[in-house]
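J.: Below are the structure tokens for one structure; questions will follow.
The values are calculated or read from the model by the stated rules, or taken from the named source; none is laboratory data. Bear in mind the structure is a predicted one, so any value in this text is a computation, not a measurement. Every residue, glycine as well, gets a Cβ built from its backbone with ideal geometry; the counts of neighbours run over all protein chains shown.
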Amino acid sequence: MSNSKQEESVLLSILVKPRASRDEIVEWQGGMMRVHVKARPVEGKANEGCRRLLGGVFGVPISKVTIRKGESSRIKKVQIVGVSDCDVDQLRQRWLLRQDDEKETSTK
């Protein structure tokens, strides 16, 4: 019997906009994350851009980011291995704080 612990993972709902000016998370509403990727939606390049962005944001290799549903759709279900629900909540909180800071800075 193996002593290895099964890695946690999360399943995220993602709305992807390809052909954007940069790769970024642009919105987080309810349970859906909206991301922009520079890649075009041709030959899986936008999917690859989405996986690369999420891997970078969560600090995991791209091999740990898998599109489970929506390969040919803008709405995707993406599984990220090695990331917990707590990690997602922390990222969302940091993202929201950054958005608030940017709004304050732009109004000064």
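J.: I'd like to know if region 76-96 contains one or more residues that are without any contact (Cβ under 8 Å) to a residue 24 or more places away in the chain, more than 23 Å from Pro18 (Cβ to Cβ) and of a type in the set (Lys, Arg).
T.: Yes, because at least one residue in region 76-96 is without any contact (Cβ under 8 Å) to a residue 24 or more places away in the chain, more than 23 Å from Pro18 (Cβ to Cβ) and of a type in the set (Lys, Arg).
J.: Here is a further query. Of all residues in region 58-102, how many are modelled with pLDDT of 95 or more and under 13 Å from Ile14 (Cβ atoms)?
T.: 16
Matching residues to (1) surrounded by 13 or more Cβ atoms within 10 Å (Cβ to Cβ); (2) among the β-branched types (Val, Ile, Thr); (3) within 14 Å of the chain's Cα centre (by Cα):
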{"residue": "Ser21", "(1), (2), (3)": "no, no, no"}
{"residue": "Met33", "(1), (2), (3)": "yes, no, yes"}
{"residue": "Lys45", "(1), (2), (3)": "yes, no, no"}
{"residue": "Cys50", "(1), (2), (3)": "yes, no, yes"}
{"residue": "Leu53", "(1), (2), (3)": "yes, no, yes"}
{"residue": "Val88", "(1), (2), (3)": "yes, yes, yes"}
{"residue": "Asp101", "(1), (2), (3)": "no, no, no"}
{"residue": "Glu104", "(1), (2), (3)": "no, no, no"}
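J.: On to the next question. Looking at Ile14, is it out of contact with any Lys or Arg (no Cβ under 6 Å at 6 or more places or on another chain), of a type in the set (A, V, I, L, M) and crowded, with 18+ Cβ neighbours inside 10 Å?
T.: No.
J.: When you check Val78 against the structure, is it assigned to a loop (DSSP other than H, G, I, E, B) and either β-branched (Val, Ile, Thr) or surrounded by 14 or more Cβ atoms within 10 Å (Cβ to Cβ) (or both), yes or no?
T.: Here the answer is no, as Val78 does not meet what is asked.
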